[in-house]
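The values are calculated or read from the model by the stated rules, or taken from the named source; none is laboratory data. Predicted model, so just to flag it, every value in this text is computed and none were measured. Cβ coordinates were reconstructed from backbone atoms using ideal geometry, including for glycine residues, and neighbour counts include every protein chain displayed. With ligands, DNA and RNA removed, areas are computed over all heavy atoms of the protein, side chains included. Shrake-Rupley method; radii C 1.70, N 1.55, O 1.52, S 1.80 Å.
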Amino acid sequence: VLVVGESNRNDARLVEAREMGGTGLHGVWSDDFHHALHTLLTGETRGYYQDFGELTDLEAAFRDRFAFARRYSAFRHRTYGRSARHLPADRFVVCSQNHDQVGNRLKGDRLSTQVSPEARRLAAAAVLLSPQVPLLFMGEEYGETAPFPYFTSHSDPELAQAVREGRRREFAGFRWEGEPPDPQAEATFKSARLDWALREHEPGDHLLALYGELLRLRREHPTLASREPEDLGTARDDDARVLMVFRRCEDSRCALLFHFAGEEAHITVSLEEGTWRRVLDTGDRRWGGSGPSTPVMVESCGEATFCLGPWAAVFLEKTGPG
């Protein structure tokens, strides 16, 4: 039995060993990773998203597990969180979508209807190339567009009405326009049904292939094996909107470049001396892009310059000695 805490308290004690004063859970959700990624992709900064929106938030979620650890939250009006940087990454679950984050939107709209195909591919790479445990929401792997609105089948009319009113109050802080679907209506439930046929043609088949390749790399590539804090480093270029994540396992090295903007970016990245090979570029035509913007091979003398496509993720591995 594996027990994973669905908690937004950012309390490392949930997954610390009992002999250390923790509760000994096997894992806990990292809402910070989702919120940091979502705001960078969508630009939403209302409700609980108001605490996020900068590259430094996602950088902290990659590096420190939580972005908020003894940090003030404008949404909560208090400082909260306990550092989890000392813990292995496989005790934390990350995602770009889940049943709460989609179902608790006004109309249950998915990320696939909020951002471009390029941004969807970027989101997939950020989640699946992270050292944390990835959670995939049903249908995201092929870009499902059906909403996932909150629905109920309460037999008590007073409870059903209380739920309706509670949902409206909950959405007030987000200032979304319109009325939420009636949770009790059968049409609300039916609207959430998946369209599996989307997997069979563009762009769903391309996105599904990318998810398969990212999962294969996560499973097989040596640089992605370590979950220890000391085997991950980060840097960022705020002007270019690029987050750089450096991972290693024993003698293997890789660099992950995540570009959060809709225009090309030219950046210089500090890389160990030697030969670096492009393993994956989410702009590749195989995944439905217009073609990779990065070269197949790069020689670094301590740094290298790259052109990154809009909303692109690039995976580089070191192949030669420095």
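Could you work out the relative contact order of region 242-298, using alpha carbon pairs under 8 angstrom and six or more residues apart, expressed as a whole percent?
Numbers: 51 pairs, mean separation 12.4, N = 57.
Computed value for region 242-298: 22 percent relative contact order.
For region 51-126, give the magnitude of the charge dipole about the Cα centre (Cβ charges: +1 Lys/Arg, -1 Asp/Glu; no others), in debye to the nearest 20. Mind dumping the intermediate values first?
Values: 14 positive and 9 negative charges, 57 e Å.
Roughly 280 debye, rounded to the nearest 20.
Mind ranking 165-173, 256-264, 26-34, 82-90 by how tightly packed they are, going by the mean number of other C-beta atoms within 10 angstrom, highest first? Present the calculation step by step, with values, prior to reporting the outcome.
On the way: 165-173: 12.4, 256-264: 19.4, 26-34: 23.0, 82-90: 16.3.
Peptide ranking by packing, descending: 26-34, 256-264, 82-90, 165-173.
Return the sequence-ordered ³J(HN,Hα) values of region 68-82 in whole Hz as given by the Karplus equation 6.51 cos²θ - 1.76 cosθ + 1.60 applied to θ = phi - 60°, using x for Gly and Pro.
The phi angles translate into 10, 9, 6, 10, 6, 10, 5, 5, 8, 6, 6, 8, 8, x, 10 Hz.
At what distance in nm do the modelled label points of residue 189 and residue 230 sit from each other, each positioned 7 Å from its Cα along Cα→Cβ?
In this crude spin-label approximation the distance works out to 5.5 nm.
Tell me, what are the semi-axes, in whole angstrom and largest first, of the equivalent ellipsoid of region 130-220 as set by the roots of 5 times the Cα gyration tensor eigenvalues?
Values: eigenvalues 233, 54, 32 Å².
Values for region 130-220, descending: 34, 16, 13 Å.
Return the label of the correct value of Rg and Dmax of the Cα atoms in Å, as calculated from the structure shown, out of (i) 21.9, 72; (ii) 20.5, 70; (iii) 42.4, 135.
Among (i) 21.9, 72; (ii) 20.5, 70; (iii) 42.4, 135, the one derived from this structure is (ii).
Leaving out ligands, DNA and RNA, and with a 1.4 Å probe, what % of the accessible surface on the chain is carbon or sulfur? Kindly include the intermediate steps, with their values, before the conclusion.
Values: 7240 of 14990 Å².
Percent of accessible area from carbon and sulfur atoms in the chain: 48.
Cut-off 11 Å, label point 7 angstrom out along Cα-to-Cβ of residue 273: give me the residues of region 291-322 whose amide nitrogen falls inside.
In region 291-322, the label zone of residue 273 (backbone N under 11 Å from the point 7 Å along Cα→Cβ) covers 300-303, 322.
Hey, what number do you get for the chain at 222 nm if only DSSP H runs of n ≥ 4 count, each worth -39500 (n - 2.57), divided across all residues, to the nearest 500?
Counting only the DSSP helices, I get -7000 deg cm²/dmol.
Of 265, 304, 123, which is the most mobile in a GNM of the chain whose springs link Cα atoms less than 10 angstrom apart?
304
Which value, in debye to the nearest 20, gives the size of the charge dipole of region 204-322 about its Cα centre, when Lys and Arg are +1 and Asp and Glu are -1 at the Cβ? Provide the component values of the computation, followed by the final result.
Details: 14 positive and 20 negative charges, 86 e Å.
Charge dipole of region 204-322: 420 debye, to the nearest 20.
Please compute the alpha carbon radius of gyration of region 185-289, then divide it by the globular-protein estimate 2.2 N^0.38 Å. Two decimals is fine.
Working: Rg = 18.2 Å, N = 105, 2.2 N^0.38 = 12.9 Å.
Taking the Cα Rg and dividing by 2.2 N^0.38 Å, one obtains 1.41.
With an 8 Å Cα cut-off and a minimum separation of 6 or more residues, compute the relative contact order for region 120-261 in percent. Don't skip to the end; give the middle numbers.
Details: 153 pairs, mean separation 34.7, N = 142.
So the answer I get is 24 percent.
Identify, among 290, 226, 72, the residue whose Cα sits farthest towards the positive end of the charge dipole of the chain, taking +1 on the Cβ of Lys and Arg and -1 on the Cβ of Asp and Glu, with the dipole about the Cα centre.
72
How much net charge surrounds residue 46 when only the other residues with a Cβ under 14 Å from the Cβ of residue 46 are counted, with Lys and Arg +1 and Asp and Glu -1? Don't skip to the answer; put the middle values down first.
Working: positive: 105, 175; negative: 44, 51, 170, 177.
Charge balance in the 14 Å sphere: -2.
Out of the GluC sites (Glu not before Pro) in region 211-251, which ones are loop residues according to DSSP with at most 10 other C-beta atoms within 10 Å?
The qualifying sites are 250.
Counting alpha carbon pairs within less than 8 Å and at least 6 residues apart, what relative contact order, in whole percent, applies to the chain?
Values: 658 pairs, mean separation 45.5, N = 322.
Contact order relative to length: 14 percent.
Could you derive backbone 3J(HN,Hα) for region 110-116 from the dihedral phi with the Karplus parameters 6.51, -1.76 and 1.60 (θ = phi - 60°), listing whole Hz in sequence and x where the residue is Gly or Pro?
3J(HN,Hα) across region 110-116, in whole Hz: 7, 4, 4, 9, 9, 10, 6.
Work through the residues other than residue 267 whose Cβ is under 14 Å from its Cβ and net out their charges, Lys, Arg +1 and Asp, Glu -1. If you can, show how the numbers build up before the last one.
Numbers: positive: 236, 241; negative: 237, 238, 239, 263, 264, 303.
Summing Lys and Arg as +1 and Asp and Glu as -1 gives -4.
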